[in-house]
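The values are calculated or read from the model by the stated rules, or taken from the named source; none is laboratory data. Here the structure is a predicted model, which is why all the values come from computation and not from measurement. Glycine gets a Cβ as well: all are built from the backbone with ideal geometry, and neighbour counts include every protein chain shown.
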């Protein structure tokens, strides 16, 4: 897996479905540079089982992200047409109708590969194109990767789950709050920090003071 924390997020331009049904070509996270932090997450496939629980959970908390000036963007290896069909399928029929944040179509699987979350067996040819080993019998889909990208385009947090393991939206919001706290106050966030708690100065004295107060 590629470690991207502290580095510029990979740049891409791809098709996406926004507002629950509108096609957008040349969608890019660069539109948020200087404006918003971004929670960019990958999921394996449309019309599956764990994936809709995550996607709908992010939608239910979308107002909380937007109140923090955070853009939420999802991505899988499905086409924009498959995204559109899933977005227009009622939730009680296995769909995700009602989801409004963008879903990116990574049909060439290069976005997932560049973010280091592409599962399966693959390599690159002499032209730098992905080549998949179908003999292995594994589908090349994205792991459940999540990246917090700041307004400068830097990755500040990443977490990757295996395919059966759903993520916590509460934890994503906690990490967002920690980043905003650090940006606003310059202090760092200790273990299990949540919004409203005090931080600490990134010095030996600051650590000692914090630990003495929280024994």
State whether one or more residues within the range 175-189 are part of a loop (DSSP other than H, G, I, E, B) and touching a helix residue (DSSP H, G or I) at 6+ places or on another chain (Cβ under 6 Å).
yes
Checking the structure you have, find out if any residue of the range 104-111 is closer than 22 Å to residue 32 by Cβ, assigned by TED's automatic domain parsing to the domain that holds residue 60 and in a helix (DSSP H, G or I).
yes
Examine the range 136-145 for a residue that is more than 15 Å from the chain's Cα centre (by Cα), touching a residue at least 12 places away in the same chain (Cβ under 8 Å), over 21 Å from residue 59 (Cβ atoms) and not assigned by TED's automatic domain parsing to the domain that holds residue 78, and state whether such a residue exists.
no
Of the residues in the range 1-16, those that are surrounded by 11 or more Cβ atoms within 10 Å (Cβ to Cβ), at pLDDT 95 or above and not in a strand (DSSP E or B) number 8
Does residue 120 satisfy the criteria of being at positive phi and crowded, with 16+ Cβ neighbours inside 10 Å?
yes
Scanning for something at pLDDT below 95, over 15 Å from the mean Cα position of the chain (by Cα) and surrounded by fewer than 16 Cβ atoms within 10 Å (Cβ to Cβ), does the range 108-116 turn up at least one residue?
yes
On the given criteria, is residue 198 outside any loop (DSSP other than H, G, I, E, B) and modelled with pLDDT under 95?
no
Among residues of the range 21-80 being free of Cβ contacts under 8 Å to residues at least 12 places away in the same chain and not in a helix (DSSP H, G or I), the residue surrounded by the most Cβ atoms within 10 Å (Cβ to Cβ) is 48
Sort out which residues of the range 157-174 are surrounded by fewer than 16 Cβ atoms within 10 Å (Cβ to Cβ) and in a loop (DSSP other than H, G, I, E, B), and write them in order of number.
162, 164, 165, 166, 168
